[in-house]
Amino acid sequence: MNIISVAIDGPSGAGKSTLARSMAGRFGFLYVDTGAIYRTIGLYAWEHQIDPKDAEAVTAALPEIRVELTYGEDGLQHMLLNGRDVTGEIRLPQISLYASAVSAHPAVRTYLLEMQRQLARTRSVIMDGRDIGTVVLPDATVKIYLTASETERARRRMRELEERGTPQPFEETLADIRQRDYNDSHRPVAPLRQAEDAVLLDTTDLTFSQSEDAMEQLIRERAGL
Ligand code: DC
């Protein structure tokens with residue numbers, strides 16, 4: 001059987017992970033959430049009082065950071081930081097900006113690149129992030145750039161944080177989203193941008209189930225399934 005790779009990129013809160021997870025289920029592909037990998041490095045910086053914007057300090061810490069991605073019996077992706085399962089902690093709202101800041105450093109991106117590529121070599125994957133279609137898997141079978149309006153993304157993020165038990169007011173959530181959009185798309189290395197051969201999917205006016213169907217159709221068409 002052919003190995004298929006689906007790259008999903010887009011700004012924070014566009015619904016990449018929920019949709020990608022759902023597609024992985026529909027197609028039987030492995031789901032890889034690459035943001036979780038950057039979040040794990042962000043968590044390390046947070047716990048060790050390292051300024052996440054300080055390229056030198058973050059780069060110097062890399063040899064002490066062992067990041068592993070495993071799949072639990074629940075089939076879900078777990079992140080290990082030096083052997084400790086940090087899957088829950090990396091979702092804390094304060095870690096989002098840390099992840100965004102550490103992800104701007106070239107050394108961090110290089111450190112994580114091969115690990116991400118390796119996951120797509122032996123099986124069909126659906127991978128979401130910011131630079132999957134442009135840098136990590138430039139030859140991906142299907143590339144989708146998923147987006148939604150800023151306000152809608154902030155609303156969705158707020159709901160998600162509420163469900164996780166770490167609620168945040170709307171204005172603060174919107175400010176975080178804006179800050180991350182700016183950081184992620186203005187960094188010199190692997191900035192967030194739509195790959196030339198990516199299909200744009202804007203879900204502002206779509207329900208979740210409509211977005212699922214739209215994405216499934218795109219994948220079927222583009223991958224010839
Ligand atoms: O997808 P997320 O919100 O969990 O990602 C957290 C941060 O990690 C995001 O703000 C930018 C960074 N990131 C990245 O630079 N490249 C990726 N492929 C995925 C995430």
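The values are calculated or read from the model by the stated rules, or taken from the named source; none is laboratory data. Bear in mind the structure is a predicted one, so any value in this text is a computation, not a measurement. Counting neighbours? That spans all protein chains shown, and the Cβs are built from the backbone with ideal geometry, glycine included. Keep in mind that these areas ignore ligands, DNA and RNA; they rest on the heavy atoms of the full protein, side chains included. Shrake-Rupley method; radii C 1.70, N 1.55, O 1.52, S 1.80 Å.
Structure notes:
- Using a probe radius of 1.4 angstrom, the carbon and sulfur fraction of the accessible surface of the chain is 50%.
- Only Cα pairs under 8 Å and 6+ residues apart enter the sum, and on that basis the relative contact order of the chain stands at 32 percent.
- Over region 111-225, the alpha carbon radius of gyration divided by the compact-protein estimate 2.2 N^0.38 Å works out to 1.18.
- Orientation-averaged projection of region 59-185 equals 9.0 nm² [convex hull of Cα atoms, one quarter of hull surface area].
- Note on Gln118 and Glu73: the extension gain reaches 14.1 nm, defined as 0.36 nm multiplied by sequence separation minus the Cα-Cα distance.
- Residue-span extension gain [Thr207 to Ile3] - 0.36 nm each, minus C-alpha spacing: 70.4 nm
- Overall, the ratio between the Cα radius of gyration of the chain and 2.2 N^0.38 Å, rounded to two decimals, is 0.96.
- Selection of GluC sites (Glu not before Pro), region 172-225, meeting DSSP coil and at most 10 other Cβ within 10 Å: Glu196
- Computed from the Cβ-Cβ distance with R0 of 30 Å, the FRET efficiency linking Asp197 to Thr18 stands at 0.80.
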